[in-house]
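*Asks:* I have a structure I would like to understand better, so I am pasting it below and will then ask my questions one at a time.
The values are calculated or read from the model by the stated rules, or taken from the named source; none is laboratory data. Predicted model, so just to flag it, every value in this text is computed and none were measured. Ideal geometry is used to build each Cβ from the backbone, glycine not excepted, and the neighbour counts take in all protein chains shown. Ligands, DNA and RNA are excluded from the accessible area calculation, which covers all protein heavy atoms including side chains. Shrake-Rupley method; radii C 1.70, N 1.55, O 1.52, S 1.80 Å.
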Amino acid sequence: MKKAPKPAKLAQNYFLEEDQLPRLLRLTIGQIEGLHPAITQLLKDLAPRREVPNEVLSQEALLRLLEVHPISIQKNEKTLCCVGSIQLFELAKKRLRDKVELLCILTKTAQPETLQKRAVEELILGTVINGINVSDVRIAGRLAKNAASAQLLNVSESKAEKWVADVYGVDKRTVKSSPQAPPSIPEKTKTCDSLDPANPAGGSE
């Protein structure tokens with residue numbers, strides 16, 4: 001039986017020149033190592049999240065969502081890691097078998113601080129696009145305050161909750177979260193370029 005190529009070697013043929021667009025490819029869940037370490041650290045430090053109960057989302061529905069919102073992946077040393085559609089990927093890892101194939105977007109390599117800024121975007125702005133409830137707004141408010149404190153958002157920490165309230169179109173009191181100790185962010189991350197809420201694409205990578 002022919003040995004399957006390692007995922008990073010498999011994707012090598014798809015890696016992009018600067019002037020090329022990202023490409024689509026299919027990988028099994030098992031070929032994707034996990035979240036990129038920079039995003040794992042971000043979620044640990046900044047982002048409380050509401051778990052989706054198993055009974056709410058069937059495996060069939062999850063697969064359909066993954067077709068519509070493909071996972072973005074990037075090479076990290078010798079492995080492939082998820083850098084976009086973070087929560088869908090985490091659900092897929094929990095709910096689906098390793099041999100299930102997923103449509104993925106192979107993206108150009110970005111620096112850890114750029115990946116963290118994109119993840120902040122996804123977690124705050126993606127929720128408002130897909131519809132929210134009060135707990136989501138409060139989670140987004142806390143994430144925005146922590147991200148502002150870590151200089152991953154171009155808004156002051158004192159104004160972060162008001163910014164989230166404006167983004168979601170709700171009263172600031174709805175966003176108000178309980179006090180929380182400042183997150184421990186690596187010094188390198190603190191000095192990175194900030195994400196401008198008025199320009200989610202950010203600056204140069």
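*Asks:* Residues of the range 140-161 being open to solvent by 20 Å² or more (accessible area, probe 1.4 Å), outside any loop (DSSP other than H, G, I, E, B) and touching a Ser or Thr at 6+ places or on another chain (Cβ under 8 Å), which ones? Give the steps one after another, and end with the answer.
*Replies:* Filtering the range 140-161 for residues open to solvent by 20 Å² or more (accessible area, probe 1.4 Å) gives 142, 145, 149, 151, 154-159.
Among the residues that remain, those that are also outside any loop (DSSP other than H, G, I, E, B) are: 142, 145, 149, 157-159.
Matches in the range 140-161: Arg142, Lys145, Glu157.
*Asks:* Then there's this: Which residue out of Ala47, Ala119 is open to solvent by less than 40 Å² (accessible area, probe 1.4 Å), in contact with a helix residue (DSSP H, G or I) (Cβ under 9 Å, 6 or more places away or on another chain) and modelled with pLDDT of 90 or more? First the steps, then the outcome.
*Replies:* Details: Ala47 fails: modelled with pLDDT of 90 or more.
Of the residues listed, the single one that is open to solvent by less than 40 Å² (accessible area, probe 1.4 Å), in contact with a helix residue (DSSP H, G or I) (Cβ under 9 Å, 6 or more places away or on another chain) and modelled with pLDDT of 90 or more is Ala119.
*Asks:* Provide a single number: the residues in the range 98-128 that are over 16 Å from the mean Cα position of the chain (by Cα) and not charged (D, E, K, R).
*Replies:* 3
*Asks:* Please pick out the residue among Arg142, Arg95 that is among the basic types (Lys, Arg) and either closer than 26 Å to Tyr168 by Cα or within 12 Å of the chain's Cα centre (by Cα) (or both).
*Replies:* Arg142
*Asks:* Sticking with this structure for a sec: Tell me which residues, restricted to the range 60-73, are under 14 Å from the mean Cα position of the chain (by Cα) and open to solvent by 40 Å² or more (accessible area, probe 1.4 Å).
*Replies:* Of everything in the range 60-73, just one residue is under 14 Å from the mean Cα position of the chain (by Cα) and open to solvent by 40 Å² or more (accessible area, probe 1.4 Å), namely His69.
*Asks:* Same structure, new question: Within the range 74-86, identify whether any single residue is open to solvent by 20 Å² or more (accessible area, probe 1.4 Å) and hydrophobic (A, V, I, L, M, F, W, C), and answer yes or no. Spell out how you get there, then give the answer.
*Replies:* Of the range 74-86, the ones open to solvent by 20 Å² or more (accessible area, probe 1.4 Å) are 75-79, 85.
Among the residues that remain, those that are also hydrophobic (A, V, I, L, M, F, W, C) are: none.
Looking through the range 74-86, none of the residues is open to solvent by 20 Å² or more (accessible area, probe 1.4 Å) and hydrophobic (A, V, I, L, M, F, W, C).
*Asks:* Would you mind stating whether Gln20 is part of a loop (DSSP other than H, G, I, E, B), open to solvent by less than 100 Å² (accessible area, probe 1.4 Å) and either at pLDDT 90 or above or not hydroxyl-bearing (Ser, Thr, Tyr) (or both)?
*Replies:* Taking the combined requirement at face value, the residue satisfies it.
*Asks:* Can you tell me which of Ile105, Ile132 is of a type in the set (Val, Ile, Thr), within 17 Å of Glu161 (Cα to Cα) and either touching a helix residue (DSSP H, G or I) at 6+ places or on another chain (Cβ under 8 Å) or not in a helix (DSSP H, G or I) (or both)?
*Replies:* Going through Ile105, Ile132 in turn, just one is of a type in the set (Val, Ile, Thr), within 17 Å of Glu161 (Cα to Cα) and either touching a helix residue (DSSP H, G or I) at 6+ places or on another chain (Cβ under 8 Å) or not in a helix (DSSP H, G or I) (or both): Ile132.
*Asks:* Which condition breaks for Thr107 when tested against (1) open to solvent by less than 60 Å² (accessible area, probe 1.4 Å); (2) modelled with pLDDT under 90; (3) within 20 Å of Leu43 (Cα to Cα); (4) in contact with a strand residue (DSSP E or B) (Cβ under 8 Å, 6 or more places away or on another chain)?
*Replies:* Against the list (1) open to solvent by less than 60 Å² (accessible area, probe 1.4 Å); (2) modelled with pLDDT under 90; (3) within 20 Å of Leu43 (Cα to Cα); (4) in contact with a strand residue (DSSP E or B) (Cβ under 8 Å, 6 or more places away or on another chain), Thr107 comes up short only on (3).
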